[in-house]
Every structure is written in C-alpha cells, then in structure tokens.
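Here the structure is laid out as structure tokens; the discussion comes afterwards.
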DNA sequence: TCGGCAACTGACCCGCGGGTCATTAACTAG
DNA sequence: CTAGTTAATGACCCGCGGGTCAGTTGCCGA
C-alpha cells in the first residue's frame, strides 16, 4: 500500500509497486479470486494504470514467477557449485534452504500454489517454469548425487535416475500448509528433520536388505 | 452423457448421473472453470434439475470427494488390517495402490488438484478431508511403522513422528502430472520404483552414518 | 380416464469483474 | 508562462455464468 498524493507521475517505479501489490493480493486471494481493482488499490493507483504496464492478469502472474522464484534456485545453484564439504551436507543445506525460502515463506508458497492450480491453463507458464527452474534444479541434484556416489558417500540406485524424488516430501509439506494448516498446523521443523533423515538413511534397519 | 427421451422422471438415478457428469466436467475444466450448464448437459438434464439435487457448485464437489476418494483409503485400511507378511511389503503394496488409484487415475488426480487449488476457500471441505481421510491414513502408517520397528524390520527415528512423509514423493508425482506432463511426461513406474527404494533404503551407503 | 402432485425445464435475472478509453492533469522544454 | 506530451484516472461496457422460478408435462392412484 503506497501512500502518496493522487496522480503522481512515476513511470519507473510503477511496475515494481504493482508487482508487489499483486504478490500480496494473489497470496491472500489466490489467482482466480484476485481482483485487478484490488491490486491497483494496494499499489495506490487506479485500475487503468495497471493496464498501462501489464496487458492481462496472466502476464502479471508470469512476471511474479520470473521475479520471485528464480532467485531462490539461483542461490542454490551457486551454493552447490562452490561447495567444498561432503555431498550429504550439501544436500542438507539445499533442502533446508528450500524449506526456508519456498515452504515457510508465505508469498512464495502461494506462487507455487497458483502455479499448481492454474498451471495447465497457461501452457507457456508451465513450460517456462519447467525450462528455467525445474531442469536446472534436477541437473544440480543429479550432479550432487553423482559426486556422492563417486566419493563412496552414497549408494547407487533407482533414486539416481529420478533425482527430484529427494525433494518430494517438501512438496507434500507445501501442500499441507496451503490446504490443511487451518485445521492442523504442520510442524515444519520436525517435518524437515524427518525428511532429511528419511532420504539419507531410509527406514530399513541395517541388518535388513 | 445419458441419452434418453426428454423429460423423463427418474428421481432416484439423477444424483448419481449428475455426480458422474460433474466428475468428468471438473476433470476437464477444473473447478473454477466448470459450468453447471455443462454438467447438466453431460447428465442429459436441464440446468434447473441440477439445482433440484444440489444447492451449490461447492456441494457437488464435496459429494464427489466423499463418493470417490474415501473408498480408495478404505481399501488400504482393510488391506493393512488383514496383512500377514512383512511390514515392508505392506508398505510397498499400499504405496503402489496409492499410485494406481490416485496418481495414475485422471479423475481422482483432478479431484486432488481441486482440493489443493480451492481447499482453503472451503474450510469445511478441507476439514472433512482431514478428518475422514488424512487422520485415518496417518494412523494406518503409524501403526505400520510401529509394527515394523517392533519386528526389527525398521529402525526407529524422526520419520516415525511424521508418518505421512513416507508418501511425500507421491504428491510430487501427482503435482508433476497435473502441471508439467504436457511439457515432459513423468515416468510413473520409474518414479514409483525410486520412491519405494528411497524410503526403504535411503541414499547413504552402508558404510556411512 | 382424469385430476393433481411433483419432477423437470430453460428463459431470465443479476452481480461481478476484466478490460477500455475519453478525459484530466502532472511534468517539461522552450 | 505556456503549450505539448503522456502518465494517470475511473466511469463505463459487456460477457459470463451461478442461481431462480413460473410454467410444463410425466406419472400414478382413484
């Protein structure tokens, strides 16, 4: 909510302000329920002004994904390139980072939810997200696993063929928070601990298998 | 699509027919985009007739959840009560069942998607789903883990405190199929294999930890 | 056969909100 | 100071679809 005297001309700042307002509106209302009028009001602007900078509601959402989600994965990519310690520790770091940035952060979690909810409708957006984010994330995990196996830290196996499975439980956590947190809060810390332990150790006792 | 001469009176059959039509419509259009008129047409009935049996679009959706999802979990519950073999095998069975019924089945996956997308909006529905399905599923898994630990099959650990984490990767699979399958198909069989292996064995080599 | 109940119909009502555009006024160059 | 440019405004348009209800007709019991 930007407060200012009416009818200021600030061409350069508007897009960012409108985007921020849209993130908030989407987070509170979801995509389908979000009103352009409400985004405009939050940005301290008239409805028509929004259309000066974005042509459709969809375009606003795409801009948000580009602006808010990509950085999270860029950080993880950098971290993994520069890593010196064990691959197990790197994996713990990356997944912990992901929980902090994507599951516990209300704004980004809501972006994720919208992507899930409306992803099919915007083929282009799903394709963008796949291309720019998922492929890179998977590559990073695949590399991490490869190094881990080479170092004798990790065993080889079916999971190495589907690296994204390592973050599977995090998605469940995101869904739970989106959908059922009003009924029963998810203990994110405990869930994260269980997640890390599970993927690293599995459930079988050492004597089995 | 029921074909029949116009204006038949079949009070008893209508609800089931409308529900089936609605499942199809929701699966194709998603909840927000589904039109009552279209559901009516699919059911071979006028729009007004739909409102004779259901008062709102939401109510139709709730009826679908009750009618289509609960049975899947009921089967799993029965299976686990009567199980004689090892808990690891039971776990494999249950998860495989879940993939077949919920992830690979288009109708049910779409119901799941709708629940995720619109779950918050209908607090009552989320509460119902939590109460009638999730709590039971978690109880079942908790019991399975307990038995496994007692039998020495499973080790104890943080995962035992968050049993639902065992199905986490399945949710990722569902999301992927919903959102990105048009860009890149998920190999469900391979994913399932990786899932089972991961949760049972983890990624660490035996010498580590 | 015929009344009357209630299942069924679909034209209509109406609020909503995405998107438009004629008008207004902030800023600037000269 | 003024005229020209263009950012900003918000009343308006319009299609959509959820939900209604007065009228129609199938069916059954007498």
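The values are calculated or read from the model by the stated rules, or taken from the named source; none is laboratory data. This is a predicted model, so every value here is computed, not measured. Glycine also receives a Cβ, built like all others from the backbone with ideal geometry; neighbour counts cover every protein chain displayed.
Screening residue B:60 on (1) within 16 Å of DNA strand C (Cβ to nearest atom); (2) part of a helix (DSSP H, G or I); (3) farther than 22 Å from residue B:123 by Cα shows it passes everything except condition (3). For the stretch B:150-160, the candidate set comprises residues that are more than 7 Å from every other protein chain (Cβ to nearest Cβ) and more than 16 Å from residue A:194 (Cα to Cα); within that set, the residue that is surrounded by the most Cβ atoms within 10 Å (Cβ to Cβ) is B:151. In this structure, is residue B:116 facing chain A (nearest Cβ under 7 Å), modelled with pLDDT of 90 or more and under 18 Å from the mean Cα position of the chain (by Cα)? Spelling it out, it is not the case that residue B:116 is facing chain A (nearest Cβ under 7 Å), modelled with pLDDT of 90 or more and under 18 Å from the mean Cα position of the chain (by Cα).
Within the stretch A:89-104, none of the residues are closer than 23 Å to residue B:202 by Cα and within 7 Å of another protein chain (Cβ to nearest Cβ).
The set of residues in the stretch A:161-187 that are more than 8 Å from chain B (Cβ to nearest Cβ) and surrounded by fewer than 18 Cβ atoms within 10 Å (Cβ to Cβ) comprises A:181, A:185.
Residue A:126 meets all of the listed conditions (1) more than 8 Å from every other protein chain (Cβ to nearest Cβ); (2) not in a loop (DSSP other than H, G, I, E, B) but one, namely (1).
As for the stretch B:2-16, it holds no residue that is within 14 Å of chain A (Cβ to nearest Cβ), away from DNA strand C (no atom under 11 Å from the Cβ), surrounded by fewer than 17 Cβ atoms within 10 Å (Cβ to Cβ) and not in a loop (DSSP other than H, G, I, E, B). Among the residues of the stretch B:65-83, are any part of a loop (DSSP other than H, G, I, E, B) and loosely packed, with under 15 Cβ neighbours inside 10 Å? Looking through the stretch B:65-83, at least one residue is part of a loop (DSSP other than H, G, I, E, B) and loosely packed, with under 15 Cβ neighbours inside 10 Å. Please go through (1) more than 14 Å from every other protein chain (Cβ to nearest Cβ); (2) buried (at least 19 other Cβ atoms within 10 Å of the Cβ); (3) not in a helix (DSSP H, G or I) for residue B:22 and return the number of the only condition it doesn't satisfy. Just one mismatch for residue B:22, condition (3). Of the residues A:40, A:27, the single one that is away from DNA strand C (no atom under 11 Å from the Cβ) and under 23 Å from residue A:110 (Cα atoms) is A:27. Considering each residue of the stretch A:139-149 in turn, none proves to be touching a residue at least 12 places away in the same chain (Cβ under 8 Å) and facing chain B (nearest Cβ under 7 Å).
Looking at the stretch A:35-57, which of its residues are touching a helix residue (DSSP H, G or I) at 6+ places or on another chain (Cβ under 7 Å) and in a helix (DSSP H, G or I)? Scanning the stretch A:35-57 gives A:36, A:37, A:38, A:39, A:40, A:42, A:47, A:49, A:50, A:53, A:57. In the stretch A:25-51, what residues are more than 13 Å from DNA strand D (Cβ to nearest atom), away from chain B (no Cβ under 14 Å) and farther than 16 Å from residue A:65 by Cβ? Correct list: A:38 only.
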